[in-house]
1. Quickly run through region 87-116 and pick out the residues that are surrounded by fewer than 19 Cβ atoms within 10 Å (Cβ to Cβ), of a type in the set (Gly, Ala, Ser) and closer than 17 Å to residue 138 by Cα.
2. State which residue is surrounded by the most Cβ atoms within 10 Å (Cβ to Cβ) when the search covers only region 146-168 and only residues that are touching a helix residue (DSSP H, G or I) at 6+ places or on another chain (Cβ under 7 Å) and in a strand (DSSP E or B).
3. Determine which member of the set 84, 68 is outside any helix (DSSP H, G or I), β-branched (Val, Ile, Thr) and surrounded by 19 or more Cβ atoms within 10 Å (Cβ to Cβ).
4. Which is closer than 24 Å to residue 23 by Cα and modelled with pLDDT under 95, of 168, 125?
5. Return the residues of region 82-124 that are under 15 Å from residue 25 (Cα atoms) and basic (Lys, Arg); say none if nothing qualifies.
6. What number of residues in region 142-168 are among the small types (Gly, Ala, Ser) and over 28 Å from residue 58 (Cβ atoms)?
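The values are calculated or read from the model by the stated rules, or taken from the named source; none is laboratory data. It should be emphasised that the depicted structure is a prediction, and the values quoted were computed from it without experimental measurement. For neighbour counting, all protein chains shown are included, and Cβ atoms are generated from backbone atoms with ideal geometry for every residue, glycine included.
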Amino acid sequence: MPATDSPLPYTDTKPVGAADFYAAVNATFRFIEKQSGIAGLRRYWTELGTKYYAPVTRRWREGGLPAVADHWRAFFAAEPEADVEVTHDASEVVVAVRTCPAIRYLREHGREIVPCFCQHCHFVSAAMGAGAGIDVRISGGNGTCTQRFAKAGCFPEPQRLEDIATAS
């Protein structure tokens with residue numbers, strides 16, 4: 001599909017990304033947390049979701065849950081060695097991550113994973129969804145997780161960060 005029709009916000013046309021990017025992401029998270037603390041790292045993730053992913057938020061706002069599902073299918077199709085299933089119905093999108101490509105790569109290459117690494121999925125996705133009327137809840141982590149997306153207000157409880165596993 002041409003980059004302009006992609007549900008992803010970038011125009012890179014290669015079919016799969018480069019896995020060594022995960023080491024850079026992990027190092028960036030570690031640096032920001034060291035310099036600005038966990039609150040600063042969470043602000044970074046939120047700004048990434050709000051600003052960088054603004055085109056995705058716009059698509060989600062216009063296309064609803066089907067656009068959310070399209071985004072995550074395209075996103076994980078471009079991630080090296082991801083094992084992910086995306087399903088959706090009228091009420092929610094479920095992203096079942098059986099093998100997180102980032103955690104897998106970092107482990108296989110002996111990298112010390114930032115313990116809060118998996119929380120970035122919540123903060124970035126919550127920021128992306130906020131402008132589209134979409135909420136996210138994540139459970140699991142550390143290599144496998146379930147990410148659920150639904151219209152704002154559908155989840156009875158707020159995200160509990162303790163439901164997102166510490167990465168190691």
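1. Those that are surrounded by fewer than 19 Cβ atoms within 10 Å (Cβ to Cβ), of a type in the set (Gly, Ala, Ser) and closer than 17 Å to residue 138 by Cα: 91, 96.
2. The extreme case among them is 149.
3. One residue alone meets the criteria, 84.
4. That would be 168, the only listed residue that is closer than 24 Å to residue 23 by Cα and modelled with pLDDT under 95.
5. Within region 82-124, 104, 107, 111 qualify.
6. Matching residues across region 142-168 total 4.
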